[in-house]
Amino acid sequence: MSGIQAAEACANCGRESSDAVKLRYCTACRLVKYCSVGCQKSHRKQHKKTCKKRAAELKDERLYNQGHERPEGDFCPICTLPIPIPMNEHSAFMVCCIKRVCFGCSLAAQKRGMFDCPFCRTPMPRDGTELIAMVQKRVDAKDAAALKFLGDQYYYGYNGLLKNVQRAIELWREAAELGSINAHFELGNKFDSGEGVIQDKAKAVQHWEMAAIQGDIESRNSLGVNEINNGNYERAVKHFLIAAKMGNEVALGNVNKMFANGLATREQYAEALKGFQDSVDEMHSQERDEGTTVCRDVQREEIAREIANRNRES
């Protein structure tokens, strides 16, 4: 019986597909079909090894072949260019419209005398209390990005909120369930370290994988580090190559270290270096360089004020 014919007959009892017999694939491997749940259970012991191997292959195909493009949220909605990593050092999150705007576009708007949100033109919040109130409206509407942002505020104790890691994790969980890629990354970090949750390396990897296949390059780099720690160097360099070519400088450095230690080839390092430079060139603009310098100074002043306020309260 040919492979095609075999796929049209129950792998356990041999019944062929017909109007009366509906065959269904094994959902894990999709190599064989069954006419009933009973047949699938009866065939499980015989099929288990092949199924497990093929399921792992399919998972790897998805893991390494998807997520080579950054997600929509990583692009400035004004200039439409991808935002450099780490994004919080090159952009600002607008709680009014839940958009991340690069510092170049923010500065360009200010030069034109526009000090409201450069994307939706909503007046900027006057203080932390007003900012939290604005984002809370989006949280109440179950906006995944808003939930992630509010979780960040609780985690760091920003904008008048008391630091509350457990509350942050609750918000990140909800955000992840609603599709937040960045929330998956944060949860992966917490399960990896055991901060605020019971340490679970397998769950950490699951969250990073969920984010990586959707284009999160920091999660992709974390997967590479995890493979390094497990001694899986070929798998690690695959992750680092993907992340480096998407603009992650840390991943590029990891490929360099692997090359220096004989764990990656010269060709792989050259590929990572070229891909990284191409990505950086795509993200670069003179306005962004100027905007990043100015806005970082402002951020440092805001952080200093936040620390001073906490010290006074304590």
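Residues in segment 213-234 that are within 17 Å of the chain's Cα centre (by Cα) and outside any helix (DSSP H, G or I): how many?
The total comes to 4.
Search segment 244-288 for residues being part of a loop (DSSP other than H, G, I, E, B), of a type in the set (S, T, N, Q) and touching a helix residue (DSSP H, G or I) at 6+ places or on another chain (Cβ under 8 Å), and hand back the single one that is surrounded by the fewest Cβ atoms within 10 Å (Cβ to Cβ). Step through it out loud before you land on a result.
First, pick out the residues of segment 244-288 that are part of a loop (DSSP other than H, G, I, E, B): 246-248, 261-265, 284-285.
Among the residues that remain, those that are also of a type in the set (S, T, N, Q) are: 248, 261, 265, 285.
Those still in the list that are touching a helix residue (DSSP H, G or I) at 6+ places or on another chain (Cβ under 8 Å) too: 248, 265, 285.
Values: 248: 25, 265: 13, 285: 15.
Looking at the filtered set, the residue picked out is 265.
Among all residue pairs at least 6 apart or on different chains, which show Cβ distances below 6 Å where the first residue, located in segment 147-169, is more than 13 Å from residue 182 (Cα to Cα) and the second is polar (S, T, N, Q) and in a helix (DSSP H, G or I)?
Going by the 6 Å Cβ cut-off, the qualifying pairs are 159/153; 160/129; 161/153.
Given (1) over 35 Å from the mean Cα position of the chain (by Cα); (2) surrounded by fewer than 14 Cβ atoms within 10 Å (Cβ to Cβ); (3) assigned to a helix (DSSP H, G or I), where does residue 18 come up short, assuming only one miss?
It is condition (3) that residue 18 fails.
Quick check on residue 87: is it crowded, with 17+ Cβ neighbours inside 10 Å and free of Cβ contacts under 8 Å to residues at least 24 places away in the same chain? Steps first, please.
Working: crowded, with 17+ Cβ neighbours inside 10 Å: yes; free of Cβ contacts under 8 Å to residues at least 24 places away in the same chain: yes.
It is true that residue 87 is crowded, with 17+ Cβ neighbours inside 10 Å and free of Cβ contacts under 8 Å to residues at least 24 places away in the same chain.
Counting just the residues of segment 136-179 that are of a type in the set (S, T, N, Q) and part of a loop (DSSP other than H, G, I, E, B), which one comes out surrounded by the fewest Cβ atoms within 10 Å (Cβ to Cβ)?
In the first step, residues of segment 136-179 are kept if they are of a type in the set (S, T, N, Q); the result is 136, 153, 159, 164, 166.
Of the ones still in play, those that are also part of a loop (DSSP other than H, G, I, E, B) are 159, 164.
Values: 159: 19, 164: 16.
Looking at the filtered set, the residue picked out is 164.
Only the coordinates and a few stated rules stand behind these numbers; no lab work does. The shown structure was predicted, so the numbers you read here are calculated from the model rather than taken from an experiment. Virtual Cβ from ideal backbone geometry, glycine too; neighbours counted across all protein chains shown.
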